[in-house]
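**Q** I have a structure I would like to understand better, so I am pasting it below and will then ask my questions one at a time.
Derivation of every value follows stated rules applied to the coordinates shown; laboratory data play no part. Keep in mind that what you see is a predicted model, and the values were worked out from it rather than measured. Positions of Cβ are generated from backbone atoms using ideal geometry, with glycine treated the same way; all protein chains shown enter the neighbour counts.
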Amino acid sequence: MIVARSLCFIACCTMAVPTIGWANPIDSELTLNYGVISTKPKKRIKDSYPIMSNLAKQLSHYGYTDAEVKVYATIDELVAAFQTGEVDIMSATIYPTLILNQRAQTQPILVRWKKGDPSYSSVFVTHKKNSYQDLSELQGKVVGFEDRDSTSGYFLPLVTLLSQGLDVQLLTSINEKPSADKVGYFFFEDFLLDTNEVNMSMWATKGIVDAIAYSSSNWDNPKDTPVALKQQLRTFGQTSEYPRAVISVSQKLPAETVADIKQALLSIDQNEEGQALLKTYQKTKKFTLFDSQSEALFYQAADLLNKFEVVQ
């Protein structure tokens, strides 16, 4: 059960943006509300506000004068915010995107190349001394997942195990062992104050856990997986690749507004100002259309979600 935390952190500036002369008369000023799930509100506000404020300016002919960044601790909170009309647009990985689409009818419109990557996967990682070659060898073993809302650190690796016909068992203690025919798993967020890849990797190197799973991007980045730790580890399994991040909008936004949002973000990398905004926005390279290939992967992940919800 996910316990919702009620705090919502908001960044709001009041700088007015003039309305474009040819626009229809505007009865009231509008704010573009951007929602994101994170436990680091200050960072998300700092990196997201500039690009969302710029987007609001490009929507000034609809009455938008500025943007607000609203940071939620859980998927459930963001679902509620979309349902009440508190949020207009969001960026998320595939798991939250699926949940929001199903529960709040949000519409995925763009793929965000977050940190320069159009897509990513999850990797299963273990200590080099372990001889695992196949995920089936994790029966009777313990896997550490990052947190309950994570795509790469929970959703993708878990559904991969389920798709291979493996049974899983949630463990409530790091000393608990699973049945011999099941893959045991726990959440690092239940035992660590900071659930980053370094801490997860340290547990794997110390043999506290048999395996861990997290983003292939984090595995390849020495800042997330330092060389000293990586030399003691190896990967032995990988999930399918999915869009790195997806931009979704509220079903309550008019179609013409959504069309202009898409056009503005698709072209933002074409000038120096836009490139600077993208760099601030967690080193996003660009946005591309949520095309037929992205849609196929999305529905594939939706099918996996049905299996996933059975074990929750």
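**Q** Checking the cross-link filter: which aspartates and glutamates have an alpha carbon closer than 14 Å to that of residue 42, excluding same-chain neighbours under 8 positions apart?
**A** The reachable aspartates and glutamates, counting only those whose Cα sits under 14 Å from residue 42, are 68.
**Q** Treat every Asp and Glu Cβ in the chain as -1 and every Lys and Arg Cβ as +1, leave all other atoms uncharged, and give the resulting dipole magnitude about the Cα centre to the nearest 20 debye. Walk me through the numbers on the way to the answer.
**A** Details: 30 positive and 35 negative charges, 176 e Å.
With only Lys, Arg, Asp and Glu charged at Cβ, the dipole is about 840 debye.
**Q** Can you tell me the FRET efficiency between residue 175 and residue 303 if r is taken as the Cβ-Cβ distance and R0 is 22 Å, rounded to the nearest 0.05? Please list the in-between numbers first.
**A** On the way: r = 35 Å, r/R0 = 1.61.
According to the calculation, E is roughly 0.05.
**Q** Check residue 169: other-chain or 5+ apart residues with amide H under 5 Å from its amide H, H built from backbone geometry?
**A** 183, 184, 185
**Q** Just to be sure I understand the model, the point goes 7 Å from the Cα along the line to the Cβ. What's the resulting residue 271 to residue 103 distance in nm?
**A** 3.9 nm
**Q** May I ask you to list the trypsin sites (Lys or Arg not before Pro) in the stretch 67-162 that are in a DSSP loop and have at most 16 other Cβ atoms within 10 Å of their Cβ?
**A** Working: sites: 70, 103, 112, 114, 115, 128, 129, 141, 148; in loops: 128, 129, 141, 148.
Answer by residue number: 128, 129.
**Q** Shifting gears a bit: Give me a comma-separated list of calculated 3J(HN,Hα) values for the stretch 239-256, in order, Karplus coefficients 6.51, -1.76, 1.60 applied at θ = phi - 60°, integers in Hz, x for any Gly or Pro.
**A** These are the phi-based 3J(HN,Hα) values: 8, 5, 8, 9, x, 4, 7, 10, 8, 10, 10, 5, 5, 7, 6, x, 4, 5 Hz.
**Q** Give me 187, 290 ranked fewest to most by other Cβ atoms within 10 Å of their Cβ, as a rough exposure proxy. Can you show the working numbers first?
**A** Details: 187 19, 290 22.
Ranked by crowding around the Cβ, least crowded first: 187, 290.
**Q** State which entries of 114/285; 223/286; 40/252; 40/262 exceed 18 angstrom in Cα-Cα distance in the structure shown.
**A** Over 18 Å Cα-Cα: 223/286; 40/252; 40/262.
**Q** What does the net charge come to around residue 230 if you take all other residues with beta carbon closer than 13 Å to its beta carbon, with K and R at +1 and D and E at -1? Please report the intermediate quantities before stating the final value.
**A** Values: positive: 128, 223, 234; negative: 197, 220, 224.
Net of charged neighbours comes to 0.
**Q** Spelling out what I want: for every residue of the stretch 186-203, take phi, set θ = phi - 60°, compute 6.51 cos²θ - 1.76 cosθ + 1.60 (Karplus), and round to whole Hz; glycine and proline get x.
**A** Per residue, the Karplus-derived 3J(HN,Hα) values read 9, 10, 4, 4, 7, 10, 10, 6, 10, 9, 9, 5, 5, 5, 4, 5, 4, 5 Hz.
**Q** Another question about this same structure. Which shape class, rounded, prolate or oblate, goes with the stretch 125-242 when its Cα gyration tensor gives a ≥ b ≥ c as root eigenvalues, a/c under 1.5 marks rounded, and past that a/b bigger than b/c marks prolate? List each step's numbers first, then the result.
**A** Values: a/c = 1.33, a/b = 1.27, b/c = 1.05.
Rounded.
**Q** Looking at 274, 54, 78, which one has the Cα that reaches farthest to the positive end of the dipole of the chain (charges on Cβ: Lys, Arg +1; Asp, Glu -1)?
**A** The residue sitting most towards the positive pole is 274.
**Q** Let me ask you something else. With +1 on each Lys and Arg Cβ and -1 on each Asp and Glu Cβ, and nothing else charged, work out how big the dipole of the stretch 125-242 is about its Cα centre, in Debye to the nearest 20. Before the final figure, lay out the partial values.
**A** Numbers: 10 positive and 16 negative charges, 100 e Å.
Using Cβ point charges on Lys, Arg, Asp and Glu, the stretch 125-242 gives about 480 debye.
**Q** For the chain, what is the relative contact order in percent, using Cα pairs closer than 8 Å and at least 6 residues apart in sequence? Could the numbers behind the result be given before it?
**A** Details: 609 pairs, mean separation 75.5, N = 312.
Relative contact order comes out at 24 percent.
**Q** Students often get this wrong, so try it: which of (1) 20.7, 71; (2) 18.8, 59; (3) 22.8, 78 is Rg and Dmax of the Cα atoms in Å as calculated from the structure shown?
**A** Recomputing Rg and Dmax of the Cα atoms in Å here gives the entry labelled (1).
**Q** Within a 10 angstrom radius of the beta carbon, how do 202, 52 rank from fewest other beta carbons to most?
**A** Numbers: 202 16, 52 23.
Ascending Cβ contact count within 10 Å gives the list 202, 52.
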